[in-house]
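Trainee: First the structure, which I've put down as structure tokens, then a few questions once you've had a look.
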Amino acid sequence: MNRFFYFKMTFLSITAGLFAGILVYGLFDVDFSNSEALTKLLLRSFVTAIGTGLILGILNMFFKIGNFQKKENS
């Protein structure tokens, strides 16, 4: 497994989970009649998820942390 595999697995899982978590958590506090607040929440959750995913993905590229299973070709 190369470094890109470790980056990709970490980046995708962290980004998807963090984006969904921040968005759902923020929906409890936001006013649904204010479209600017909804847009701001969406962008904030997207930027936070991408930034955190990049940082953790790059770190995982070098430290290779994770117990990812190799696919077996049958």
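Coordinate-derived values only; no laboratory data. Predicted model, so just to flag it, every value in this text is computed and none were measured. Don't worry about glycine lacking a Cβ; one is built from the backbone with ideal geometry, like all the others, and counts go over all protein chains shown.
Trainee: I want to check the label-to-label distance for I55 and L27. Put each point 7 Å from Cα in the C-beta direction and report it in nm to one decimal.
Mentor: Modelled inter-label distance: 2.6 nm.
Trainee: When the Kirkwood radius is taken over all Cα pairs of the chain, what Stokes-Einstein diffusion coefficient follows at 37 °C and 0.692 mPa s, in µm²/s?
Mentor: Details: Rh = 13.8 Å.
My calculation gives 238 µm²/s for D.
Trainee: I would also like to ask the following. In the chain, once you exclude exposed trypsin sites (Lys or Arg not before Pro) (DSSP loop, at most 10 other Cβ within 10 angstrom), what's the longest stretch remaining? Let's see the in-between values first.
Mentor: Details: sites that count: K70, K71.
The longest such stretch corresponds to 1-69.
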